[in-house]
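All remarks here apply to the structure that follows.
No lab work stands behind these numbers, since they all come straight from the coordinates. These numbers come from a predicted model, not from an experiment. Here the Cβ is made from the backbone with ideal geometry for all residues, glycine too, and neighbour counts use every protein chain on show.
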Amino acid sequence: MKLTFKANMNSESYVNRMKICLIKGNQKGFSLAESLVALAILGLSGAALIGGLMTLSKTTPLADEQSTAQNLAENQMEYVCVQDYDFINDPPQYELISDIPEGYSITNTANRLDLEGDGTDDDDGIQRIVVVVTHHGETVNTLETNRIRR
């Protein structure tokens, strides 16, 4: 590289100013402290990302289980409501749906409600239906409604 000088500038003062610029901060690269700070920030960001992914991996199966249980409970309740109203059996009996995924089980119970105050031996036209969905023996969802004889 060829240096050219202006007429009023002597070469000795220019060289001294160049040395000062090089010493003061025109250096290229990062110091050890800057590199360590950058690595620490990168490490914390990575740890936060991995923590989020771990949480996601734990909650996804739980959400899937709850969603499946909710669908099963709603399907069973719909199935009970399309069956003929059972006013003969005490307690009333209703069939279960047939497509139940492995590991899940459904129970439905129906109880006569005594609106007239004369006991539950006769049917007053209203029943309390409770559908319980379990997965591997633990209750996941419970759905309740009243069914009216029409």
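Of note:
- Gyration tensor (Cα) of the range 65-148, equivalent ellipsoid semi-axes in angstrom: 26, 12, 10
- Label-to-label distance, GLU138 versus ILE97, with points set 7 angstrom from Cα along the beta-carbon direction: 2.2 nm.
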